[in-house]
Amino acid sequence: MNIQIEEKPKTERAGILKGKKGVILGIANKWSIAWGIANSLHEAGAELIFTYQERVKDRVEKLAEEIASGQISCIECDVTSDEQLEKAFQEISKIYDGKVDFIIHSLAFANKDELEGRYIDTSRSGFALAQDISAYSLAAVAKQAEPLLEKNGGGSIVTLTYIGGERVVKNYNVMGVAKAALECSVKYLANDLGPKNIRVNAISAGPIKTLAASAISGIQSMINEIAQISPLRRNTETEEVGDTALFLVSNLSRGITGEVIHVDSGFHVLAAMK
Ligand code: NAD
């Protein structure tokens, strides 16, 4: 059965985020989920700032030029450095006059050799590294963003997770445990920041072939299988994740916080993988 998917909903996005200002952390290249999100939010009229890790500076600056020439500032921010986080948010505050509407946290890292084999073999340092970059960083970013979101009268923080944080997915190992911590952080942060009208949610995306995903052993066969068995019988596209992020940073989702929304062609409802 071959079902035609509707044209991309460009016109439906227009204007939804007009006047909103936000920051996107985690673009590495055109395949990044953060780049898909940037496109959706830009088309919806949002003003954007990108942060980047030093090693991808040139690529991120090129992408910023491509999407909105001369309009997007790119700021270095390695989330393992408190100093860089603080400096980045000082700069963001200057550019946006102390107010921000949304933050997209789309980053994670684990050593490649711990994304295969048995979880039991995870090293102490590999565990700490994956937790630091992939889970703790959300709290660290939220802490820096809090005054800017508060001054704005509230706002939205969105992070990216994966079903391997809820259930055992072959080879996901240390990253699964980091995603479980990330999803739990979403709940605690939602409770901390809710009284300031700041919402915190996660998107649990289906597997997409990105730089980070290619470190996971066997990712391609997982992607192939999901296209066969997920309820929608197809894989997740970054654009679909982007449009869910659009919803989560817009006023349309104003009653939602502490939530994990699956954008995975419905795969999460199945009892088990083969
Ligand atoms: P990606 O490789 O394009 O993006 C990962 C980003 O993390 C890169 O931009 C990298 O620079 C950044 N990063 C790593 N360490 C950092 C650090 N110390 N400081 C600042 N930035 C750092 O891959 P992606 O798949 O787009 O990943 C984005 C998010 O989506 C991650 O949280 C990932 O776990 C999640 N996710 C991915 C998939 C998938 O299948 N690709 C599925 C579900 C969730």
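The values are calculated or read from the model by the stated rules, or taken from the named source; none is laboratory data. Every value quoted in this text rests on a predicted model; they were computed, and no experiment measured them. Heads up, the Cβs are rebuilt from the backbone with ideal geometry, glycines too, and the neighbour counts pull from every protein chain shown. The protein model used for the area step is the full one, side chains on, heavy atoms only, and it has no ligands, DNA or RNA in it. Shrake-Rupley method; radii C 1.70, N 1.55, O 1.52, S 1.80 Å.
Express the Stokes-Einstein translational diffusion coefficient of the range 21-269 in µm² s⁻¹, to the nearest whole number, given a Kirkwood radius over alpha-carbon pairs, 4 °C and a viscosity of 1.567 mPa s. Please list the in-between numbers first.
Details: Rh = 18.1 Å.
Taking Rh from Cα pairs, D becomes 72 µm²/s.
With θ taken as phi - 60° and the coefficients 6.51, -1.76 and 1.60, list the Karplus ³J(HN,Hα) couplings across the range 45-54 in order, rounded to whole Hz; mark glycine and proline as x.
x, 6, 8, 10, 10, 9, 10, 9, 8, 2
Whole-Å semi-axes of the range 155-218's equivalent ellipsoid, largest first, each the root of 5 times a Cα gyration tensor eigenvalue? Intermediate values should be presented prior to the final figure.
Values: eigenvalues 137, 30, 11 Å².
The three semi-axes for the range 155-218 are 26, 12, 7 Å.
Enumerate the amide H contacts of Thr161 below 5 Å, restricted to partners 5 or more residues apart or on another chain; note that Pro and chain-start residues carry no placed amide H.
Ile203, Ser204, Ala205
In whole Hz, what ³J(HN,Hα) sequence does the range 62-79 give by Karplus (6.51, -1.76, 1.60; θ = phi - 60°), x for Gly and Pro?
5, 5, 4, 5, 5, 7, 7, 3, x, 10, 10, 7, 10, 10, 6, 7, 8, 6
Can you find, among Gly165, Ile67, Ile133, the residue sitting farthest towards the positive end of the charge dipole of the chain, where Lys and Arg contribute +1 and Asp and Glu -1 at Cβ?
Working it through, the farthest residue towards the positive pole turns out to be Gly165.
Over its Cα atoms, what ratio of radius of gyration to 2.2 N^0.38 Å does the range 38-90 give?
Values: Rg = 11.7 Å, N = 53, 2.2 N^0.38 = 9.9 Å.
So the range 38-90 has a normalised radius of gyration of 1.18.
Quick one: putting +1 on the C-beta of Lys and Arg, -1 on the C-beta of Asp and Glu, what dipole do you get for the chain around its Cα centre, in Debye to the nearest 20?
Working: 30 positive and 35 negative charges, 85 e Å.
Its charge dipole is roughly 400 debye.
Averaged per residue, what accessible area in Å² does the chain show with a 1.4 Å probe, protein chains only?
Values: 13680 Å² over 274 residues.
Accessible area per residue: 50 Å².
Scan the chain and report its longest stretch carrying no GluC sites (Glu not before Pro) that are both in a DSSP loop and have at most 12 other Cβ atoms within 10 Å.
Values: sites that count: Glu6, Glu7.
Result for the longest clean stretch: 8-274.
As a test of the formula, what do you get for the chain when each DSSP H run with n ≥ 4 contributes -39,500 (n - 2.57) and the sum is divided by the residue count, at 222 nm and rounded to the nearest 500 deg cm²/dmol?
Details: 9 runs with 107 residues, N = 274.
Here the helix-only value at 222 nm equals -12000 deg cm²/dmol.
Pick out which of Ile95, Ile163, Ile133 has the largest mean-square fluctuation in a Gaussian network model of the chain, springs linking Cα atoms closer than 10 Å.
Ile95
Quick one: which residues, 5 or more positions from Tyr52 or on another chain, have an amide H under 5 Å from its amide H? H modelled 1.01 Å from N in the peptide plane, none for Pro or chain starts.
Those qualifying (amide H under 5 Å, at least 5 residues apart or on another chain) are Ile75, Glu76, Cys77.
Normalised by the number of residues in the range 21-269, what is the relative contact order in percent for Cα pairs under 8 Å and 6+ residues apart?
On the way: 497 pairs, mean separation 52.5, N = 249.
Relative CO of the range 21-269 lands at 21 percent.
Where the accessible area of the range 23-129 is counted over protein heavy atoms with a 1.4 Å probe, how much of it, in %, is carbon and sulfur?
On the way: 2490 of 5460 Å².
Of all accessible area on the range 23-129, carbon and sulfur atoms account for 46 percent.
Give the long-range amide H neighbours of Val260: residues separated by 5 or more places, or on another chain, with amide H under 5 Å away, using H modelled in the peptide plane at 1.01 Å from N.
Ala202
Applying the Karplus parametrisation 6.51 cos²θ - 1.76 cosθ + 1.60 with θ = phi - 60° to the phi angles of the range 211-216, what ³J(HN,Hα) value in whole Hz is obtained for each residue in order, glycine and proline being reported as x?
Residue by residue, the range 211-216 yields 4, 5, 5, 5, 6, 8 Hz.
What full-extension length gain, to one decimal in nm, is calculated for Glu116 and Ile256 as 0.36 nm per residue of separation minus the Cα-Cα distance? Before the final figure, lay out each step's value.
Details: separation 140, 0.36 × 140 = 50.40 nm, distance 3.53 nm.
Additional length available on full extension: 46.9 nm.
Full extension from Ser214 to Val56: what is 0.36 nm times the residue separation minus their Cα-Cα distance, to one decimal in nm?
Details: separation 158, 0.36 × 158 = 56.88 nm, distance 1.68 nm.
Net length gain for the segment: 55.2 nm.
Hey, in the GNM for the chain with a 10 angstrom Cα cutoff, which one of Gly126, Gly22, Gly117 fluctuates hardest?
Gly117
What is the extension gain from Asn29 to Ile229, computed as 0.36 nm multiplied by their sequence separation minus the C-alpha to C-alpha distance, in nm to one decimal? Each step should come with its number before you reach the end.
Details: separation 200, 0.36 × 200 = 72.00 nm, distance 2.89 nm.
Here the segment from Asn29 to Ile229 would lengthen by 69.1 nm.
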